[in-house]
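Notes follow the structure.
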Amino acid sequence: MAAVRNGLLTFSNFLSSNTSFAACGFQQIRNKYVGRWMIRDLKRRKLAEKYADERLRLVAMKRNNILPPEIREAVGKQIDETIPRQTALRQLTPRCILTSRPRGVVKKWNFSRIVFRHLADYNKLSGVQRAIW
């Protein structure tokens, strides 16, 4: 029993003295995003950035009234076949970077109104002060 205790003691001393083990704190970190909605939104943003130029050109051609209807129909089919639907800009939701809340996001800081108010109350945002009168 004493040998087991001594072995555990040496192992714990090794872990506490080694900086690489102590730095991570043995906490499981899966990714840097809050939840699945944030991950999905990130995927949509990457797709939208990838196909933005091509989508903009094709949509402009599709909405052009000067072009013949046959060309506009062909462009519409090309949009449906080549560009994913996930690239539409209307599907991108501004989300809070801390809580992933989709509503009430203050654009300049990308915080939800709740987090923004909390941080402003405790002077965590530079240049922001609650209105008091």
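The values are calculated or read from the model by the stated rules, or taken from the named source; none is laboratory data. This one's a predicted model, so the numbers in the text were calculated from it and none came from an experiment. When we count neighbours, we look across all protein chains shown, and the Cβ atoms used for this are built from the backbone with ideal geometry, even at glycine. These area figures cover heavy atoms from the full protein model, side chains too; ligands, DNA and RNA do not enter into them. Shrake-Rupley method; radii C 1.70, N 1.55, O 1.52, S 1.80 Å.
Numbers below:
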quantity	calculated
Residue check for Arg63: among the basic types (Lys, Arg), surrounded by fewer than 14 Cβ atoms within 10 Å (Cβ to Cβ) and more than 22 Å from the chain's Cα centre (by Cα)	yes
Conditions (1) part of a helix (DSSP H, G or I); (2) open to solvent by 40 Å² or more (accessible area, probe 1.4 Å): number failed by Lys108	(1)
Which listed residue is assigned to a helix (DSSP H, G or I) and touching a helix residue (DSSP H, G or I) at 6+ places or on another chain (Cβ under 6 Å), from Leu58, Leu125	Leu58
Whichever residue in segment 70-84 is open to solvent by 70 Å² or more (accessible area, probe 1.4 Å) and farther than 21 Å from Leu47 by Cβ and, among such residues, is farthest from the chain's Cα centre (by Cα)	Glu70
Selected residue (only one of Arg40, Arg90, Arg130, Arg45 is more than 11 Å from the chain's Cα centre (by Cα) and in a helix (DSSP H, G or I))	Arg90
Thr99, sole failed condition from (1) closer than 30 Å to Glu54 by Cα; (2) surrounded by 13 or more Cβ atoms within 10 Å (Cβ to Cβ); (3) modelled with pLDDT under 90	(1)
